[in-house]
1. Kindly provide the set of residues from the stretch 237-248 that are among the aliphatic types (A, V, I, L, M) and either assigned to a strand (DSSP E or B) or crowded, with 24+ Cβ neighbours inside 10 Å (or both), ordered by number.
2. May I ask you to verify whether Asp155 is open to solvent by less than 50 Å² (accessible area, probe 1.4 Å), among the charged types (D, E, K, R) and away from the ligand (no atom under 15 Å from the Cβ)?
3. What is the residue count in the stretch 128-144 for residues that are open to solvent by 50 Å² or more (accessible area, probe 1.4 Å), within 18 Å of Asp308 (Cβ to Cβ) and either in contact (Cβ under 8 Å) with a residue 12 or more places away in the chain or in contact with a strand residue (DSSP E or B) (Cβ under 8 Å, 6 or more places away or on another chain) (or both)?
4. Pairs under 7 Å by beta carbon, first residue not assigned by TED's automatic domain parsing to the domain that holds Arg306 in the stretch 160-172, partner modelled with pLDDT under 95 and within 8 Å of the ligand (Cβ to nearest atom), six or more apart or different chains?
5. Here are some conditions: (1) within 25 Å of Tyr122 (Cβ to Cβ); (2) at pLDDT 95 or above; (3) surrounded by fewer than 17 Cβ atoms within 10 Å (Cβ to Cβ). Ala319 meets all but one. Which one does it not meet?
6. Please verify whether Ala230 is assigned to a loop (DSSP other than H, G, I, E, B), surrounded by fewer than 22 Cβ atoms within 10 Å (Cβ to Cβ), assigned by TED's automatic domain parsing to the domain that holds Ala52 and at positive phi, treating the condition exactly as stated.
Amino acid sequence: MTQFAKRVQAIDISGIRKMFEGAGPDAINMGLGQPDFDTPENIKAAAVAALAAGKTGYTNNAGIDELREAVAAKLVRENSIPCKAGNVIITAGGSGALNIAVQSLVEDGAKVVFNDPGFVSYGALTTLAGGVPVPVRLGSDLHLDVEALKEQFSDPKTKVFVLNNPANPTGMVESPETVRAVVESAADAGVTVISDEVYEKFCYGDTKFVSAATFGDNVITINATSKTYAMTGWRIGFLAASEEIIHEVVKVQQYTLACPTSIAQYAALEAYTGPQDSVAAMKAEYEARRDLLIAGLHKMGVSVNRPDGAFYAFPQMDADLVRRVVDAGVIITPGTAFGSAGAGYARMSYATSQENIKEALARMAKVIG
Ligand code: PLP
């Protein structure tokens, strides 16, 4: 019988896809964290051109220089983060960036703090690295509980805090004051912040997004082309940090990945340097869908905070109601898939057409009605 590593056996497959089982073939899928848009044509064309030009070999472990420079320029221009190409490593999506960051920072028994409910990977990656996941409950408003976080930072075993803003699964966006408070508290306690900003471009109305690295040096910024440019399958993201951190994380990348896909890196170069109107169009459409979904849920009497970012709503629904909604042909994810503090909630992704959202609301009304 095969003997497996305990750290691998200790983690489970994400609960998100379990909900798809049992749903009928005409079910509306509001369970996926994936843009329903196609990758913009100019980006696809850049990949085709790279392929035609034979750019098919290994690249540097840290990615192609032009893309590292383009990402550094983006971080300076849009995020006010002091950054040069040497501070950037191109990764296999946001997931690849999270993996090399956690592998580089977490020792046996080191604690990693993140919010609960939160993105499924943070706890699993911590366990895989031999660390101890420390989920910290969000406040009742679904925003970070700064005092509870500070308490965890004061534990000398705490080495890392993963901030996810805008947040999956809640759709909440933290204020600049909150981001500053958590980054400064972490710095005081010697805790490194990993700031997962993959939903950065999807903040609605006058919601202000601020990057954590504007408030401190001991911050690793993670982002990806996946959500911003509807490029989930291309697997390109990045990690930006001090050269000291880059020196370590690049070693993990070298031995686990060698380099991200060459042609996808040329596509990402076009994404970051080419026209940005497709991002604006996707954002406007997500915002319209959010308004449609939230108004529909409120009309049914479902309690839900209006999300200001990402493409998720996190209404209050118990497990029984979630099951009945799925049985009625609308796939949604129980809040507990994102941590025990998600009990009593469900995540609804509005990365689906307005037509689908209307039909989903009609099906839900029959159940909740
Ligand atoms: N971080 C968050 C908060 C996410 O929701 C996701 C994907 O759902 C990722 C990271 C992973 O992104 P990628 O597809 O670029 O690996």
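1. Of everything in the stretch 237-248, those that are among the aliphatic types (A, V, I, L, M) and either assigned to a strand (DSSP E or B) or crowded, with 24+ Cβ neighbours inside 10 Å (or both) turn out to be Leu239, Ala240, Ala241.
2. Yes; evaluated as a whole, the condition is true for this residue.
3. Qualifying residue count for the region: 1.
4. Asn168/Gly33
5. Condition not satisfied by Ala319: (2).
6. No.
Conditions tested, residue by residue: (1) away from the ligand (no atom under 16 Å from the Cβ); (2) surrounded by fewer than 16 Cβ atoms within 10 Å (Cβ to Cβ); (3) within 26 Å of Pro117 (Cβ to Cβ).
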position: Ile220; (1), (2), (3): no, no, yes
position: Arg235; (1), (2), (3): no, no, yes
position: Val250; (1), (2), (3): yes, no, no
position: Gln253; (1), (2), (3): no, no, no
position: Leu257; (1), (2), (3): no, no, no
position: Asp277; (1), (2), (3): yes, yes, no
position: Arg290; (1), (2), (3): yes, no, yes
position: Ala295; (1), (2), (3): yes, yes, yes
position: Asp308; (1), (2), (3): no, no, yes
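The values are calculated or read from the model by the stated rules, or taken from the named source; none is laboratory data. The model shown is predicted, which means the values in this text are computed figures rather than measured ones. Cβ coordinates were reconstructed from backbone atoms using ideal geometry, including for glycine residues, and neighbour counts include every protein chain displayed. The accessibility values were calculated without ligands, DNA or RNA, using every heavy atom of the protein model including side chains. Shrake-Rupley method; radii C 1.70, N 1.55, O 1.52, S 1.80 Å.
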